[in-house]
Amino acid sequence: DEGIDLQFLATAANRLAKPDQTVIYLLDCCHSGDATPRGDTFSFEPMGGSDVQSILGTGRVMLAACKGSEAALEYDFNGKAHGAFTHHLCVALEGAAANAAGQVTLNAAYDYVATQLREAARQTPVMKGDQEGAIVLATGVTKTGSWSVLSAAKLTAQEASEKAEEMLSRTHQ
């Protein structure tokens, strides 16, 4: 498969959504972290708010399975082959990344997925874009497990330094 034209995705979403609406790309494919969700033109009618009722907050955000230099891996989960990124994202939405109020935010879902993939040394997911407020992906979710956003934020000094250097190298070449 040759893949999808990422510029087409960005253009299509920007034509379909008004500036105060949310667009979320979920890419579980190899090298997906090189995509960009930004754009600046809005000329077509947007989808209705009833199409995706649970999303609050606004923005243009992309969640990608891996860095642009990596392959998106598939594993056997309970006898079925799934992309590791998609599997962990579904687990996050089912309650692993839920807060005490039963909400799963985009940031918490990403943090959960990144933690799971980092602990298994599988791949490095990417989150890019702009958002205003918390983008809530799910409400009324029963929290499962003991994972929390705070546990995901505990990096060693070495991990924090490596992450900061990587972010700087991407933004200041």
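Looking only at the range 18-34, filter to residues that are at pLDDT 75 or above and buried (at least 16 other Cβ atoms within 10 Å of the Cβ); which one of those is nearest to Ala71 (Cα to Cα)?
Looking at the filtered set, the residue picked out is Cys29.
Looking at the range 97-111, which of its residues are farther than 17 Å from Ile24 by Cα and buried (at least 22 other Cβ atoms within 10 Å of the Cβ)?
Ala97, Ala98
Looking only at strands (runs of 3 or more DSSP E) that lie completely in the range 61-164, which have at least 3 residues being under 13 Å from the mean Cα position of the chain (by Cα)? Can you show your working first?
Values: elements: 74-77, 80-83, 126-132, 136-138.
The qualifying strands (runs of 3 or more DSSP E) are 126-132.
In the range 128-166, what residues are at pLDDT 80 or above and touching a helix residue (DSSP H, G or I) at 6+ places or on another chain (Cβ under 9 Å)?
Scanning the range 128-166 gives Lys128, Gln131, Ala134, Ile135, Val136, Leu137, Ala138, Val141, Thr142, Lys143, Thr144, Gly145.
Here are some residues: Ala114, Ala84, Ala101. Which one is of a type in the set (A, V, I, L, M, F, W, C) and more than 23 Å from Ser69 (Cβ to Cβ)?
Working: Ala114 fails: more than 23 Å from Ser69 (Cβ to Cβ); Ala84 fails: more than 23 Å from Ser69 (Cβ to Cβ).
Testing whether each residue is of a type in the set (A, V, I, L, M, F, W, C) and more than 23 Å from Ser69 (Cβ to Cβ) leaves just Ala101.
The values are calculated or read from the model by the stated rules, or taken from the named source; none is laboratory data. Just so we're clear, the structure is a prediction, and the values are computed from it rather than from any experiment. Glycine also receives a Cβ, built like all others from the backbone with ideal geometry; neighbour counts cover every protein chain displayed.
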